[in-house]
Amino acid sequence: MIIAAAALVLAVSVFVPWFKATVKFTNSSAYAVLIDPPGTVSGITAHSWLWVVFALGLLQFVVLAARYAPARRALRLPGYRQLLVVTSGLTCIAVLVAFAMKPAPWYGSNDLGEGLYIVVQPSYGAIGAIACALVSLGMAIAAIRDRPARS
């Protein structure tokens with residue numbers, strides 16, 4: 001259940017703000033939020049290859065839903081635990097790379113004149129995606145290690 005929830009949240013997280021841009025003042029801790037152009041950008045907008053993360057998250061959810069459907073409808077999926085580890089590992093790598101690759105300001109340069117500059121920082125979508133990817137990978141590895149013994 002935890003992997004399924006993490007997979008769904010991860011799939012949705014690529015559409016919420018991953019990066020935010022703020023205007024900072026030199027020699028001051030004050031900052032301002034950009035309004036026009038918008039001060040945030042989603043994960044998909046910043047890195048179009050995050051569609052892979054979306055697809056892998058949905059695949060994980062579908063596999064788990066098919067495997068743990070009510071009794072008579074559940075599918076026997078040999079190797080589904082290994083599939084979860086591989087897909088969780090790939091999403092974890094992709095999310096960490098996307099998090100590390102901060103985009104340049106998406107509306108031009110960050111030269112605003114003397115005393116002002118733009119800082120691009122991660123937003124809640126990126127942090128949530130990292131948390132879900134790590135939880136999913138950890139739970140998938142635990143599922144492989146703790147699988148029931150064959151009788």
Query raised in the report: Is segment 36-53 home to any residue that is within 17 Å of A143 (Cα to Cα) and in a helix (DSSP H, G or I)?
Result: no
Report summary line: Considering segment 5-29, residues that are small (G, A, S) and surrounded by fewer than 20 Cβ atoms within 10 Å (Cβ to Cβ), and then whichever is farthest from I127 (Cα to Cα), we arrive at S28
Report summary line: Pairing a residue in segment 71-92 that is more than 23 Å from V9 (Cα to Cα) with any residue that is among the small types (G, A, S) and at pLDDT 80 or above, where Cβ atoms lie under 6 Å and the two sit 6 or more apart in sequence or on different chains, gives L75/A66
Query raised in the report: Across segment 89-117, which residue is surrounded by the fewest Cβ atoms within 10 Å (Cβ to Cβ) among those that are modelled with pLDDT under 90 and either small (G, A, S) or not in a loop (DSSP other than H, G, I, E, B) (or both)?
Result: G113
Query raised in the report: In this structure, is L58 of a type in the set (A, V, I, L, M, F, W, C), over 12 Å from A143 (Cβ atoms) and under 22 Å from the mean Cα position of the chain (by Cα)?
Result: yes
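The values are calculated or read from the model by the stated rules, or taken from the named source; none is laboratory data. Note that the structure is a prediction, hence the values are computed from the model and not measured. Glycine gets a Cβ as well: all are built from the backbone with ideal geometry, and neighbour counts include every protein chain shown.
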